[in-house]
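Quick notes on the structure that follows.
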Amino acid sequence: MHDTARSHRAALPRHAPRPWLAAAKPTAPDLELLRRGFEPHLPGDTALQHLLDASRLVRCPAGAFTLDSPRRPEPSWWLLRQGVMALGVRTPGGQFADKRLIGPGDWLETAGAMDCPGTWSEAAECRTAVELLAIPVSALDEACSLDRRFPRAYAGVLAQRVRDLQDSLRDMAGTDVAGRLARWLLRQQPASTGDNEALVLLNERKQVIARHLGTTSESLSRALRRLSDDGLIEVRGYELRLCDVEGLQRLAGSHPVAGLPRQVSAG
């Protein structure tokens, strides 16, 4: 284990949770997982192997994600290695409203470690037990000198994060509540019940969903009624039947909706 990790652990109070583990010997699947994290850029194996050699393996149980900073034990980028996580916002009352799911090969965090004191860009919950690779920013900097292709891949991940934030702001500013609701429904990964139908279970209270959409409960109710009157959905208590998925995609301004995780199995 690296000296920085040993010093950090020694400084923790005895009762503090200690999820940090020494990184296992890098494997071929880990190398491919990291390669996916930098797609569509193609850094060389030398740079990727250097990142794996420097990375730390972090395990977290299902439930609230409680690690307090992306800078502990040192400033790092965080790649989901195994499991499923939900990213979103936490309301002032402490309730979590999810925006999207991520699976193995997706980045949990790239920006938060670059500032000080360092905060997570989004609230998160572990939908299953998860494993994360914490890749030190210092190792990313070193990889730039090992592979002339790596700086472009490094910058590409950060640029994608900026685009994601821009898209989120554009959704809030340029789409009405009905459009934002349609996008949210399509991102819930419903179980298919037909070629153009699906079911969504509303596991969150209406107030939480409204806050996530940047609106009020009253406006959300009107949007639900509009989608129902237009024949796009059918409301059955806490269950919504998406009667016209293609119509919802058109209303959301996306065909199909992007941003779903590439893999969400726990294995």
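The values are calculated or read from the model by the stated rules, or taken from the named source; none is laboratory data. Please read these numbers as outputs of a predicted model, since none were measured by experiment. Methodologically, a virtual Cβ is constructed for each residue, glycine included, from the backbone with ideal geometry; neighbour enumeration extends over all protein chains shown. When the accessible area is computed, the model is the full protein with side chains, heavy atoms only, and any ligands, DNA or RNA have been set aside. Shrake-Rupley method; radii C 1.70, N 1.55, O 1.52, S 1.80 Å.
Set side by side, the residues Ala124, Ala97, Ala153, Ala134 differ, and just one is assigned to a strand (DSSP E or B) and touching a Pro at 6+ places or on another chain (Cβ under 9 Å), which is Ala134. Of the numbered conditions (1) among the polar types (S, T, N, Q); (2) open to solvent by 20 Å² or more (accessible area, probe 1.4 Å); (3) modelled with pLDDT of 90 or more, Ser76 fails exactly one; give the number of that condition. Result: Ser76 fails condition (2) only. Residues of the range 218-256 that are touching a helix residue (DSSP H, G or I) at 6+ places or on another chain (Cβ under 9 Å), of a type in the set (S, T, N, Q) and free of Cβ contacts under 8 Å to residues at least 60 places away in the same chain: Ser219, Ser221.
Farther than 19 Å from Gln160 by Cβ, open to solvent by 20 Å² or more (accessible area, probe 1.4 Å) and at pLDDT 90 or above - does that describe any residue in the range 82-96? Within the range 82-96, one or more residues are farther than 19 Å from Gln160 by Cβ, open to solvent by 20 Å² or more (accessible area, probe 1.4 Å) and at pLDDT 90 or above. Being among the acidic types (Asp, Glu) and within 15 Å of Pro151 (Cα to Cα) is the filter; apply it to the range 26-60 and report the residue that is surrounded by the fewest Cβ atoms within 10 Å (Cβ to Cβ). Ranking the qualifying residues of the range 26-60, first place goes to Asp45. Considering the range 97-148, the residues that are among the small types (Gly, Ala, Ser) and touching a His at 6+ places or on another chain (Cβ under 7 Å) include one that is surrounded by the most Cβ atoms within 10 Å (Cβ to Cβ), namely Ala143.
Exactly one residue out of Leu87, Leu158, Leu80 is closer than 18 Å to Arg36 by Cα and under 14 Å from the mean Cα position of the chain (by Cα): that is Leu80.
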